[in-house]
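Undergrad: Below: one structure in structure tokens.
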């Protein structure tokens, strides 16, 4: 049961424009949610080792085995302090 709706070209343009604007706004809002800066503190490998009372080698081994998951920002490997507290 299809329904035929008669519209003028201007009405159709407004309907499509409104739908696209809403879709873009929703996508932008979702993207902003995921890109919000974390309030978490980040530590480099040396700082993480000091914070945990471990050697840098042990932190490296934890990364290799998956026990620690660093966040990569460019070439830097950083650790969330909240992740370190969960160890």
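Undergrad: Residue check, residue 78 against (1) assigned to a helix (DSSP H, G or I); (2) modelled with pLDDT of 90 or more, all met but one. Which one?
TA: Failed condition: (1).
Undergrad: Against the condition at pLDDT 90 or above and part of a helix (DSSP H, G or I), how does residue 10 come out, does it pass?
TA: yes
Undergrad: Hey, another quick one. Any residue in the range 1-29 that's surrounded by 10 or more Cβ atoms within 10 Å (Cβ to Cβ): show its pairings with residues that are part of a helix (DSSP H, G or I) at Cβ separation under 8 Å, as long as the two are six or more apart or on different chains.
TA: Final answer for the pair search is 7/15.
The values are calculated or read from the model by the stated rules, or taken from the named source; none is laboratory data. If you're wondering where the values come from, they're calculated on a predicted model, not measured in any experiment. Virtual Cβ from ideal backbone geometry, glycine too; neighbours counted across all protein chains shown.
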